[in-house]
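Student: Can you keep this structure in mind? I'll have questions shortly.
The values are calculated or read from the model by the stated rules, or taken from the named source; none is laboratory data. Only a predicted model underlies this, so the values are computations on that prediction, with no experimental measurement involved. Cβ placement follows ideal geometry from the backbone for every residue including glycine, while neighbour counts extend to all protein chains displayed. Accessible surface is based on the protein model in full, side chains and every heavy atom, while ligands, DNA and RNA are left aside. Shrake-Rupley method; radii C 1.70, N 1.55, O 1.52, S 1.80 Å.
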Amino acid sequence: MFVYRVIFRACDAVNSLHGAKRPFGLNKTTLAKLCFLSLYDAIKPFPHEIFVLGDKLSDDLQAFFKRFPVALSNGVYGNDESIRQSIRLAQGYPESDWIYFCEDDYLHQPFAFEYISDLILNREQILKRKARRFYLAPVTTDTSQLPLFISPVDDPVRYKPEWRFQSFLFLSRRCHWRQTSHTTYTFLAEGKTIRRFANAMMRSAKGAKDGLMSRKMYGRLTFRNKGLCVSPIPSLATHMQESEMSPLVDWARLCERYKTELENLER
């Protein structure tokens with residue numbers, strides 16, 4: 001069994017990089033705590049290690065992380081350098097482990113890693129594709145053999161008319177997985193895949209250009225020198241910004257659950 005290596009990038013010095021509103025009236029420090037609690041609960045049953053890569057963390061948030069069995073580093077980086085630091089750290093992990101780059105404002109469903117693990121362990125069966133049956137057969141390949149990237153988020157932007165495109169749809173025992181061509185810096189991949197695409201990730205770090213990273217790493221119609229990225233339907237996590245909440249999940253209820261857990265923890 002592989003090990004999940006989580007790199008949790010945290011910063012509560014700035015409420016939102018682009019000024020987007022946070023849902024449910026949450027401030028950034030509380031939001032980061034709730035999102036971490038949801039991640040920790042979801043991944044706890046599986047072999048894992050968590051590295052918290054802090055950027056100008058408040059004393060409050062540092063004290064919070066020290067309650068958990070995690071490695072904690074706190075520096076003064078800024079967003080671009082924090083991304084670079086996470087990539088360098090990931091390159092030191094074993095090739096067969098799965099690395100989860102996770103930003104601090106993603107709330108996770110409790111069963112998120114149960115579903116993700118099912119996909120990883122059964123990827124050949126779930127993602128198998130006989131290319132000769134499709135119109136793109138001459139220029140594509142068996143999708144089960146491609147480098148695999150996993151986004152835990154069903155991005156609501158993909159349902160807007162201007163973002164719709166033909167994509168593969170896969171069925172696992174737990175949910176559907178849809179091909180996607182864009183992620184933020186929150187995604188999973190094997191250690192060997194991160195090493196293969198590390199240069200593209202490093203180039204995208206300047207200005208935190210996740211669009212550039214996505215174009216370099218994720219195939220869309222063809223996959224030459226690129227991998228397959230999939231996201232779940234319904235979503236296993238959501239970006240906690242008002243305009244970017246994933247559909248079909250009661251995130252308010254889940255947030256209340258972790259607010260109660262946080263209150264009990266900090267009594």
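Student: Please indicate, with yes or no, whether at least one residue in the stretch 1-11 is touching a residue at least 12 places away in the same chain (Cβ under 8 Å) and open to solvent by 40 Å² or more (accessible area, probe 1.4 Å).
Tutor: Our first condition is that a residue be touching a residue at least 12 places away in the same chain (Cβ under 8 Å); within the stretch 1-11, this holds for 1-11.
Filter once more, so that each one left must be open to solvent by 40 Å² or more (accessible area, probe 1.4 Å): 1.
Taking every residue of the stretch 1-11 in turn, at least one turns out to be touching a residue at least 12 places away in the same chain (Cβ under 8 Å) and open to solvent by 40 Å² or more (accessible area, probe 1.4 Å).
Student: Another question, then. Kindly establish whether Ala198 is in a helix (DSSP H, G or I) and either open to solvent by 60 Å² or more (accessible area, probe 1.4 Å) or within 21 Å of Val3 (Cα to Cα) (or both).
Tutor: On the way: in a helix (DSSP H, G or I): yes; either open to solvent by 60 Å² or more (accessible area, probe 1.4 Å) or within 21 Å of Val3 (Cα to Cα) (or both): yes.
Here the answer is yes, as Ala198 does meet what is asked.
Student: Still on this structure, I have one more. Using beta carbons and a limit of 6 Å, which pairs, at least six apart or on different chains, have the first residue in the stretch 160-189 and without any contact (Cβ under 8 Å) to a residue 60 or more places away in the chain and the second one assigned to a loop (DSSP other than H, G, I, E, B) and of a type in the set (A, V, I, L, M, F, W, C)?
Tutor: Pairs that qualify, where the first residue is without any contact (Cβ under 8 Å) to a residue 60 or more places away in the chain and the partner is assigned to a loop (DSSP other than H, G, I, E, B) and of a type in the set (A, V, I, L, M, F, W, C), are Gln179/Phe168.
Student: Quick one: count up the residues across the stretch 67-83 that are open to solvent by less than 60 Å² (accessible area, probe 1.4 Å) and over 17 Å from Leu39 (Cβ atoms).
Tutor: 8
Student: Residue check: is Leu228 buried (at least 16 other Cβ atoms within 10 Å of the Cβ) and not in a helix (DSSP H, G or I)? Reasoning before the result, please.
Tutor: On the way: buried (at least 16 other Cβ atoms within 10 Å of the Cβ): yes; not in a helix (DSSP H, G or I): yes.
When the stated conditions are applied, Leu228 passes them.
Student: Hey, could you check the stretch 147-169 for residues that are under 20 Å from the mean Cα position of the chain (by Cα) and acidic (Asp, Glu) and say which is least open to solvent (accessible area, probe 1.4 Å)?
Tutor: Among those residues, the one meeting the criterion is Asp154.
Student: Can you pull out the residues in the stretch 211-225 that are open to solvent by 40 Å² or more (accessible area, probe 1.4 Å) and of a type outside the set (Lys, Arg)? I'd like the intermediate steps shown before the answer.
Tutor: Filtering the stretch 211-225 down to residues open to solvent by 40 Å² or more (accessible area, probe 1.4 Å) leaves 212, 215-216, 220-222, 224-225.
Once the filter is applied, which keeps residues that are open to solvent by 40 Å² or more (accessible area, probe 1.4 Å) and of a type outside the set (Lys, Arg), the stretch 211-225 yields Leu212, Leu221, Thr222, Asn225.
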